[in-house]
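Structure first, then comments.
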Amino acid sequence: MTAESFQPDSETAGFESPPPTGLLDVLSVAATVVDADGRIVFWTPQAEELFGYSAQEALGKYAARLFIHPEHLKAVVKLFTEVLETGRSWAGAFPILHKDGSSRLMEFRNMRLQDDLGDVYALGIAADHNLLQRVETDLALCERLINQSPIGLALLDPDLRYLLVNPALERIDGIPAEEHVGRRLRETLPLPDVGTIESALLQVLTTGTPLLDQYHVGRPPTDPDHEHAWSLSFYRLEDPGGRVLGAAASVVDVTERHRAAAEADRARRRLALIADASVRVGTTLEVEETARELAEIAVPQLADVVAVDVLDSALACRRSRRPDDGPELFRALALKAAQPTVALRAADPPGGLAAYDGDRLVTLCVHTGRPVLVRHVGDHDLPRIARDAEAGSLLARAGVHSYLAVPLIAHGEILGALDLKRTTNPLPFDEDDVVLASELAGRAAVAIDNARWFQSVRNTALTLQRSLLPDHPPQHAGLELASRYQPAQATSEVGGDWYDVIPLSDDRTALVVGDVMGNGIDAAATMGRLRTATCAYADLDLAPESVLQHLDKITCDLEHYIVTCLYAVYDPHTRRCQFANAGHMPPAMSRPGRAPELLDLPSGAPLGVGGIAFETTTARLDPGDLLVLYTDGLVETRHHPIDDRLDVLLGFLDEPHRPLEETCDLLLYGLRHPEDHDDVALLVARAR
């Protein structure tokens with residue numbers, strides 16, 4: 001072998017060195033060969049880089065003289081001899097002299113070579129000791145980082161098959177590291193959208209653009225009953241020459257953050273639901289409407305099917321000691337489902353009565369006054385939930401898998417139960433749902449309690465008032481009559497409006513319409529007293545203004561009551577009708593062939609003001625003429641001028657020959673609105 005034989009030939013001298021592609025290139029490992037005499041016979045370009053000498057300067061020279069310090073010469077000769085004679089390799093760090101005169105520590109691997117002629121040589125492989133140590137440190141550090149990292153890490157080849165995974169990823173997906181290798185991403189990731197993830201990862205390999213912090217939720221094999229969340233990041237791996245090696249994936253378990261965020265969101269929605277219930281539940285004093293509002297607020301945020309059932313005894317305001325067992329009679333007030341379902345057919349229709357035995361869960365709920373929770377409904381639970389076997393089959397078909405009943409309790413009294421079922425919502429009811437349902441039920445129970453007592457009082461007042469209103473024949477001497485009384489539609493409260501028809505001597509008839517300001521039993525009772533007094537004074541054949549004068553004195557003795565009243569007396573023989581008005585709405589007159597009009601009467605002061613004189617005004621009432629007396633609840637609204645409403649009233653009186661009953665219905669249905677907050681008394685008379 002000659003030194004010249006290792007010089008670059010003319011064919012390769014013009015080519016540039018390829019870019020580094022591996023660890024050896026990064027380390028710039030140099031190789032030299034020394035013959036048995038110690039002369040350099042091989043010299044690589046990396047050796048020139050490492051020692052500073054070109055091939056021309058190094059080949060043929062004694063290696064020991066070229067870059068060994070004199071003080072280390074003896075040791076080097078000894079090592080060199082041992083390698084050549086014994087064939088044992090030597091490895092270690094050794095200082096050398098660089099061409100620039102500096103001393104540098106090199107990492108050597110020395111071994112004996114033998115050619116086909118039997119000649120021996122010494123091969124020396126060298127690298128910069130500091131660089132090698134840094135690379136070894138980096139590799140060790142990388143290995144530790146990968147193995148000890150709490151973040152799941154994986155390396156994948158260009159076909160997206162695993163090459164390596166760290167222990168953290170093993171814990172995340174529950175698959176040992178050796179079982180990952182060679183498998184695809186979709187075979188290990190417990191995510192429903194893994195196909196989308198693989199497509200995105202292929203895009204990362206194609207473009208080199210990293211995909212960072214992608215949020216995904218799934219159920220791992222290690223914990224299939226609970227949702228977990230992970231943050232996935234992917235980026236492309238390349239060697240120093242730019243060749244694509246594959247992709248790296250990092251998986252961060254963010255389950256705790258996911259659950260905390262989900263719980264915070266759930267708490268926000270619960271608070272919003274309670275706030276919404278405060279506004280939407282109990283808007284009226286109607287028991288059925290309040291129950292319907294409760295059912296609507298609970299669907300679908302809390303349950304898929306909701307029923308509100310109230311004890312029939314509670315609805316009737318009958319307080320009784322709750323039995324420990326035995327059946328209960330419920331009245332279904334509301335039923336609501338998030339979507340069409342056969343479960344609705346299994347429930348009692350609103351308005352119906354149903355008896356449930358003591359072993360039924362809804363009965364147990366009202367007996368104990370405590371929530372009844374069945375997290376996972378089984379076949380053995382359905383008979384205790386449904387009213388009968390057929391209803392149980394319907395609930396099973398609907399997919400009812402979780403059940404909750406909470407009592408409706410107001411002021412310590414159990415009124416009924418809120419019945420909740422889940423069908424499409426996959427989550428079972430939990431303790432948080434019990435707290436939320438109990439809060440909603442408690443708020444609604446107070447509203448239902450207020451409504452039931454109000455309705456009870458209102459029914460009593462209405463019964464009292466209707467008993468105080470006259471039951472007159474449809475015809476009096478010279479008159480055809482029709483009348484109506486209607487409570488306020490918006491509040492269903494009774495008030496103090498009344499009408500009366502009083503027969504007088506000589507075929508005369510007194511027609512009375514009055515309005516006691518206020519509502520409830522007190523107003524109805526005051527109305528009864530004034531009606532009785534009116535009848536008494538009418539029997540004395542007093543003039544209309546005198547009757548009002550006496551009524552005014554009586555009203556002044558009552559507490560805080562103001563009353564309007566219109567008193568008229570009709571004489572069929574003279575065709576005259578005398579009117580006296582105490583602050584009341586003017587009567588309307590409709591005559592055949594003439595436009596309807598309001599009679600122009602002195603309005604006078606309401607009864608109860610005291611010290612005000614009243615006047616009597618006379619108008620003619622010929623056969624066929626129609627006279628309409630009414631209270632202000634017929635025409636007054638909160639949104640329309642009273643003059644416009646009176647014009648509307650006159651518009652309904654364009655047919656004076658229309659049957660009187662039909663006229664009453666026309667006026668009530670044409671002028672009344674659902675938002676009206678006052679009751680109405682209406683008296684219609686036509687001269688015969």
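Structure data summary
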| item | result |
| --- | --- |
| Residue in the range 277-288 that is of a type in the set (D, E, K, R) and either in contact with a Leu (Cβ under 8 Å, 6 or more places away or on another chain) or part of a helix (DSSP H, G or I) (or both) present | yes |
| Test for residue 567: is it part of a strand (DSSP E or B) and touching a Pro at 6+ places or on another chain (Cβ under 6 Å) | yes |
| Residues satisfying the stated conditions in the range 158-171, i.e. surrounded by fewer than 16 Cβ atoms within 10 Å (Cβ to Cβ) and either in a helix (DSSP H, G or I) or among the polar types (S, T, N, Q) (or both) | 171 |
| Residue match in the range 674-685 (condition: without any contact (Cβ under 8 Å) to a residue 40 or more places away in the chain and either in the same structural domain as residue 629 (by TED's automatic domain parsing) or not aliphatic (A, V, I, L, M) (or both)) | no |
| Subset of the range 172-192 that is loosely packed, with under 13 Cβ neighbours inside 10 Å and of a type in the set (D, E, K, R) - its residue that is modelled with the highest pLDDT | 178 |
| Filter result for the condition that a residue is at pLDDT 95 or above and of a type in the set (A, V, I, L, M), over 563, 569 | 569 |
| Residue in the range 550-582 that is surrounded by the fewest Cβ atoms within 10 Å (Cβ to Cβ), counting only those that are of a type in the set (Phe, Trp, Tyr) and closer than 22 Å to residue 495 by Cα | 561 |
| Which numbered condition residue 136 misses (of (1) over 22 Å from residue 221 (Cβ atoms); (2) at pLDDT below 80; (3) surrounded by 17 or more Cβ atoms within 10 Å (Cβ to Cβ)) | (3) |
| Among the residues listed as 516, 501, the single one being closer than 19 Å to residue 479 by Cβ and either of a type in the set (A, V, I, L, M, F, W, C) or in contact with a helix residue (DSSP H, G or I) (Cβ under 6 Å, 6 or more places away or on another chain) (or both) | 501 |
| Residue check for residue 295: crowded, with 19+ Cβ neighbours inside 10 Å, in contact (Cβ under 8 Å) with a residue 24 or more places away in the chain, out of contact with any helix residue (DSSP H, G or I) (no Cβ under 9 Å at 6 or more places or on another chain) and not hydroxyl-bearing (Ser, Thr, Tyr) | yes |
| Members of the range 172-195 that are out of contact with any Phe, Trp or Tyr (no Cβ under 6 Å at 6 or more places or on another chain) and in a strand (DSSP E or B) | 184 |
| Only listed residue being surrounded by fewer than 17 Cβ atoms within 10 Å (Cβ to Cβ) and modelled with pLDDT of 90 or more, chosen from 54, 102, 17 | 54 |
| Selection from the range 407-446 of residues that are in a loop (DSSP other than H, G, I, E, B), of a type in the set (Val, Ile, Thr) and touching a strand residue (DSSP E or B) at 6+ places or on another chain (Cβ under 7 Å) | 423 |
| Any chance residue 395 is outside any loop (DSSP other than H, G, I, E, B), over 18 Å from residue 342 (Cα atoms) and touching a residue at least 40 places away in the same chain (Cβ under 8 Å) | no |
| Residue match in the range 193-214 (condition: closer than 24 Å to residue 259 by Cβ, among the charged types (D, E, K, R) and surrounded by 12 or more Cβ atoms within 10 Å (Cβ to Cβ)) | yes |
| Boolean, residue 625 is among the charged types (D, E, K, R), more than 25 Å from residue 549 (Cα to Cα) and loosely packed, with under 13 Cβ neighbours inside 10 Å | no |
| Residues (under 18 Å from residue 297 (Cα atoms) and surrounded by 20 or more Cβ atoms within 10 Å (Cβ to Cβ)) located in the range 410-434 | 416, 417, 418, 419, 420, 421, 422, 423, 429, 433 |
| Among the candidates 243, 219, residue that is surrounded by 14 or more Cβ atoms within 10 Å (Cβ to Cβ), among the charged types (D, E, K, R) and on the phi < 0 side of the Ramachandran plot | 219 |
| Strands (runs of 3 or more DSSP E) contained entirely in the range 583-661, each with at least 1 residues that are assigned by TED's automatic domain parsing to the domain that holds residue 544, among the aromatic types (Phe, Trp, Tyr) and closer than 24 Å to residue 529 by Cβ | 626-630 |
| Residue match in the range 590-604 (condition: surrounded by 18 or more Cβ atoms within 10 Å (Cβ to Cβ), farther than 20 Å from residue 479 by Cβ and touching a residue at least 12 places away in the same chain (Cβ under 8 Å)) | yes |
| Flag if residue 629 is of a type in the set (A, V, I, L, M), modelled with pLDDT of 95 or more and within 20 Å of residue 481 (Cβ to Cβ) | yes |
| Matching option when the condition is within 41 Å of the chain's Cα centre (by Cα), touching a residue at least 60 places away in the same chain (Cβ under 8 Å) and closer than 19 Å to residue 228 by Cβ, among 153, 189 | 153 |
| Candidate set: the range 89-117, residues that are under 20 Å from residue 37 (Cβ atoms) and free of Cβ contacts under 8 Å to residues at least 12 places away in the same chain; chosen: the one nearest to the chain's Cα centre (by Cα) | 114 |
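Here's the yes/no breakdown for (1) small (Gly, Ala, Ser); (2) assigned to a loop (DSSP other than H, G, I, E, B):
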{"residue": "75", "(1), (2)": "yes, no"}
{"residue": "100", "(1), (2)": "no, yes"}
{"residue": "104", "(1), (2)": "no, no"}
{"residue": "113", "(1), (2)": "no, no"}
{"residue": "125", "(1), (2)": "no, no"}
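The values are calculated or read from the model by the stated rules, or taken from the named source; none is laboratory data. A quick note: this is a predicted structure, and the numbers were derived from the prediction, not measured. Glycine gets a Cβ as well: all are built from the backbone with ideal geometry, and neighbour counts include every protein chain shown.
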